[in-house]
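Working notes for the structure below.
All of the numbers you see were taken from the coordinates with simple rules; none came from a lab. If you're wondering where the values come from, they're calculated on a predicted model, not measured in any experiment. Don't worry about glycine lacking a Cβ; one is built from the backbone with ideal geometry, like all the others, and counts go over all protein chains shown.
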């Protein structure tokens with residue numbers, strides 16, 4: 001045993017591990033019967049419930065299949081080895097059906113990441129999708145990164161990406177922020193009065209409907225879009 005040993009701190013050694021843990025959750029949904037109405041009423045499942053199989057297992061299946069080329073059959077073997085009961089039909093259905101739950105989660109990550117980060121970086125790069133030229137928007141900060149593949153890297157497509165690529169597209173409305181932008185961009189008082197007369201009700205407009213309305217009611221006026229991303233709040237369509 002050394003008698004002259006002196007403590008000099010620690011060396012840091014990292015061991016990485018990946019844990020696959022089966023977790024089943026039992027939901028008890030209330031049921032009430034009304035004899036007077038002859039109806040059975042059933043309670044609602046919590047918002048996080050997305051079906052018989054949770055988001056974690058569905059994400060893992062998508063990753064293994066699309067990123068690692070794991071076949072449907074081998075996915076079934078893996079799931080069975082972990083005690084997960086899933087038919088071949090269900091495996092195929094999960095891999096092929098819409099991913100609305102994942103897109104919703106992606107938008108929530110984007111929203112929370114931008115709001116919680118002291119900075120946000122964005123970039124775009126050319127990409128291809130089924131042989132067609134596209135542009136992938138990359139938005140990220142210290143703890144998150146999201147990707148959206150758009151038709152182009154135009155200003156409106158970049159705004160769509162920052163808003164989480166909403167399925168309804170960009171929405172336009174006249175609000176306090178847009179009124180300030182109208183003044184800052186030097187939009188004439190006549191055009192601002194037109195906007196107040198036609199769009200002050202707060203109704204959100206899609207860009208095609210907004211353009212068609214302007215074409216019908218103000219065909220001689222030029223059009224300029226002023227859009228301000230505000231996570232779920234509609235943006236502004238303005239005249240110039």
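Provide 23, 179, 203, 160 in ascending order of the number of other Cβ atoms located within 10 Å of each residue's Cβ, fewest first.
Values: 23 7, 179 17, 203 12, 160 20.
Least crowded to most crowded, the residues run 23, 203, 179, 160.
Share of antiparallel DSSP beta bridges in the chain, in percent to the nearest 5? It would help to have the intermediate numbers written out before the result.
Numbers: 25 of 26 bridges.
So the antiparallel bridges amount to about 95 percent of the total.
Starting from the Cα of residue 213, step 7 Å along the direction of its Cβ; do the same at residue 103; then give the gap between the two resulting points in nm.
2.4
Would you mind checking the tilt of helix 189-199 against the longest principal axis of the Cα atoms of the chain, expressed as 0 to 90 degrees and rounded to 10?
Taking Cα atoms only, the helix is inclined about 60 degrees.
Of 42, 74, 192, how do they rank once you tally other Cβ atoms within 10 Å and put the fewest first?
Details: 42 9, 74 13, 192 16.
Exposure proxy ranking, most exposed first: 42, 74, 192.
Tilt of helix 72-81 relative to the longest C-alpha principal axis of the chain, in degrees (0 to 90, nearest 10)?
50
Hey, in the GNM for the chain with a 10 angstrom Cα cutoff, which one of 173, 68, 19 fluctuates hardest?
Evaluated over the chain, the most mobile residue of the options is 19.
Going by average Cβ density within 10 Å per residue, which order do the peptides 161-172, 106-117 take, highest to lowest?
Taking the mean over residues of other Cβ atoms within 10 Å, the ranking is 161-172, 106-117.
Can you tell me the Rg and the Dmax, both Å, for the Cα atoms in the chain?
For the chain, the Cα radius of gyration and maximum Cα-Cα distance read 26.3, 94 Å.
What FRET efficiency do you get for residue 42 and residue 64 if R0 is 41 Å and r is their Cβ-Cβ distance, rounded to the nearest 0.05?
Details: r = 35 Å, r/R0 = 0.86.
For residue 42 and residue 64, the calculated efficiency is 0.70.
Rank these for me by crowding, 134, 128, going from fewest to most other beta carbons within 10 Å. Present the calculation step by step, with values, prior to reporting the outcome.
Working: 134 16, 128 10.
Ordered by Cβ neighbours within 10 Å, fewest first: 128, 134.
Return the whole-Å distance between the Cα centroid of the range 169-196 and the Cα centroid of the range 85-129.
The range 169-196 and the range 85-129 have Cα centres separated by 33 Å.
Over the chain, what is the relative contact order in whole percent, taking alpha-carbon pairs under 8 Å and six or more residues apart?
12
Highest mean first, what order results for 209-217, 80-88 on Cβ atoms within 10 Å? Provide the component values of the computation, followed by the final result.
Details: 209-217: 13.8, 80-88: 10.9.
Per-residue mean Cβ counts within 10 Å order the peptides as 209-217, 80-88.
Let me have the 222 nm mean residue ellipticity of the chain computed from DSSP H runs of 4+ only, each contributing -39500 (n - 2.57), with the sum over all residues rounded to the nearest 500.
Values: 8 runs with 89 residues, N = 240.
Only helices count here, giving -11500 deg cm²/dmol.
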